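The values are calculated or read from the model by the stated rules, or taken from the named source; none is laboratory data. This is a predicted model, so every value here is computed, not measured. Ideal geometry is used to build each Cβ from the backbone, glycine not excepted, and the neighbour counts take in all protein chains shown.
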Amino acid sequence: MNVQRCSSVTVGGTKCKNAAVQEGKCSAHLSKTCVVCLEEISKGGQRRLSCKHVFHTKCIFTWFETSDECPLCKTEQDADPIIIFKKHVEENIREKYRDAIKTLEAEVARAQRAARRPN
């Protein structure tokens, strides 16, 4: 017996390995439910990831605060503009933190030198 598979293609051009349920798509690719909030996804306010899974825009943006992967298939979303922006912001914050630590270290060293000087 030949089992029909989902016709959706995920990141990297690999085919989805789930069995198709209707219209050549598996339940994950046909789902009208956002797996982040578990509410129905309407036509407006949705975002499709590169792996073809769909979520509420607000939900996936919240998800991306802590993860760079699709909540369903765990495919990295490195090409997503939100993830690119997030990584850019994170790097800027790390750079500012490094600068702040260097400034603090210099101030501590200056204070220690000043404390060792005789009055």
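Tabulated data
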{"read-out": "Selection within segment 41-56 - basic (Lys, Arg) and either under 13 Å from residue 73 (Cβ atoms) or modelled with pLDDT of 85 or more (or both)", "value": "47, 48, 52"}
{"read-out": "Residues located in segment 64-77, provided they are under 10 Å from residue 51 (Cβ atoms) and exposed (fewer than 13 other Cβ atoms within 10 Å of the Cβ)", "value": "74"}
{"read-out": "Yes/no for residue 84 being in a helix (DSSP H, G or I) and under 10 Å from the mean Cα position of the chain (by Cα)", "value": "yes"}
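Residue by residue, here is whether (1) over 16 Å from residue 66 (Cα atoms); (2) surrounded by 10 or more Cβ atoms within 10 Å (Cβ to Cβ); (3) aliphatic (A, V, I, L, M) holds:
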| site | (1), (2), (3) |
| --- | --- |
| 79 | yes, yes, yes |
| 83 | no, yes, yes |
| 92 | yes, yes, no |
| 98 | yes, yes, no |
| 101 | yes, yes, yes |
| 106 | yes, yes, yes |
| 113 | yes, no, no |
| 118 | yes, no, no |
